[in-house]
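Below is one structure; the comments refer to it alone.
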Amino acid sequence: DAKTTQPNSMESNEEEPVHLPCNHSTISGTDYIHWYRQLPSQGPEYVIHGLTSNVNNRMASLAIAEDRKSSTLILHRATLRDAAVYYCILRGFTSGTYKYIFGTGTRLKVLA
Amino acid sequence: DAGVIQSPRHEVTEMGQEVTLRCKPISGHDYLFWYRQTMMRGLELLIYFNNNVPIDDSGMPEDRFSAKMPNASFSTLKIQPSEPRDSAVYFCASSTTGSNGYTFGSGTRLTVV
């Protein structure tokens with residue numbers, strides 16, 4: 001399974017934008033880039049996903065590099081409720097299976 | 001929609017006892033996943049089902065662990081006998097073909113003493 005690399009932790013001030021990076025240099029052409037987050041004492045929650053083009057939804061934006069070897073999750077205005085562990089995951093069918101392998105993620109701390 | 005429902009939320013058991021964790025996926029979802037989360041190992045995929053059939057159980061740690069999905073609305077993860085190192089939060093998630101992602105339950109915190 002292709003792997004992702006994320007910083008262990010990041011800090012942001014409330015109401016400011018946050019850019020969470022992810023490297024996935026071994027991504028294959030059919031792998032989708034998914035982002036999940038896990039709030040304290042909860043299960044992971046889907047945030048956003050994309051293949052090649054940048055994506056926006058009500059929670060965040062996903063910027064994908066042209067070579068697809070990296071991506072960035074953008075929270076436009078961080079709130080205290082955005083403090084969580086953010087996971088960048090590759091999902092593909094290259095091995096004939098359909099599953100997520102979670103890495104260690106980035107723990108985002110939001111300062112009031 | 002009540003989401004993915006797991007029970008119990010917390011379980012404390014003595015070493016050697018049998019433990020059964022339960023999961024009710026979202027109606028209409030055809031994939032079901034069991035994950036385990038610990039501080040040391042993070043989130044690990046244990047097993048997943050498609051249309052009630054186990055597809056990949058390569059993550060099941062050993063024979064003490066077993067999982068079943070007798071119908072589309074129910075799955076169990078059983079540990080027999082339980083050991084202290086099994087202490088973790090166990091998550092169930094469900095999904096449907098072509099969907100954007102998984103929906104996770106709130107998890108079962110298992111403590112084996």
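Here's the yes/no breakdown for (1) surrounded by fewer than 16 Cβ atoms within 10 Å (Cβ to Cβ); (2) closer than 21 Å to B:MET40 by Cα; (3) touching a helix residue (DSSP H, G or I) at 6+ places or on another chain (Cβ under 7 Å); (4) at pLDDT below 95:
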{"site": "A:GLU11", "(1), (2), (3), (4)": "yes, no, no, no"}
{"site": "A:THR26", "(1), (2), (3), (4)": "yes, no, no, yes"}
{"site": "A:TYR36", "(1), (2), (3), (4)": "no, yes, no, no"}
{"site": "A:GLY50", "(1), (2), (3), (4)": "no, no, no, yes"}
- prompt: Taking interchain pairs and intrachain pairs at least six residues apart, which have beta carbon atoms under 9 angstrom, with the first residue in segment B:1-12 and of a type in the set (Lys, Arg) and the second open to solvent by 40 Å² or more (accessible area, probe 1.4 Å)?
  reply: B:ARG9/B:SER106; B:ARG9/B:ARG109
task: Tell me which of these B:ASN52 doesn't satisfy, since it passes every other one: (1) surrounded by fewer than 16 Cβ atoms within 10 Å (Cβ to Cβ); (2) within 14 Å of chain A (Cβ to nearest Cβ).
output: (2)
- line: By residue number, the members of segment A:64-85 that are touching a strand residue (DSSP E or B) at 6+ places or on another chain (Cβ under 6 Å) and closer than 21 Å to A:ASN8 by Cβ are A:SER70, A:SER71, A:THR72, A:LEU73, A:ILE74, A:LEU75, A:ALA78, A:LEU80, A:ASP82, A:ALA83, A:ALA84, A:VAL85
message: Checking B:VAL89 against (1) open to solvent by less than 40 Å² (accessible area, probe 1.4 Å); (2) touching a helix residue (DSSP H, G or I) at 6+ places or on another chain (Cβ under 9 Å): exactly one of these is not met. Which one?
response: (2)
field: Residue among B:TYR90, B:TYR48 that alone is under 26 Å from A:TRP35 (Cα atoms), free of Cβ contacts under 8 Å to residues at least 40 places away in the same chain and in contact with a Lys or Arg (Cβ under 7 Å, 6 or more places away or on another chain)
entry: B:TYR48
statement: Wholly inside segment A:3-112, strands (runs of 3 or more DSSP E) that include 3 or more residues that are in contact (Cβ under 8 Å) with a residue 24 or more places away in the chain are A:9-13, A:18-23, A:32-38, A:45-50, A:70-75, A:84-91, A:106-111
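The values are calculated or read from the model by the stated rules, or taken from the named source; none is laboratory data. These figures come from a predicted structure and were not determined experimentally. Neighbour counts are summed over all protein chains in view; Cβ atoms, including those assigned to glycine, are modelled from backbone coordinates with ideal geometry. In case anyone asks, the SASA skips ligands and DNA or RNA and just uses the protein heavy atoms, side chains included. Shrake-Rupley method; radii C 1.70, N 1.55, O 1.52, S 1.80 Å.
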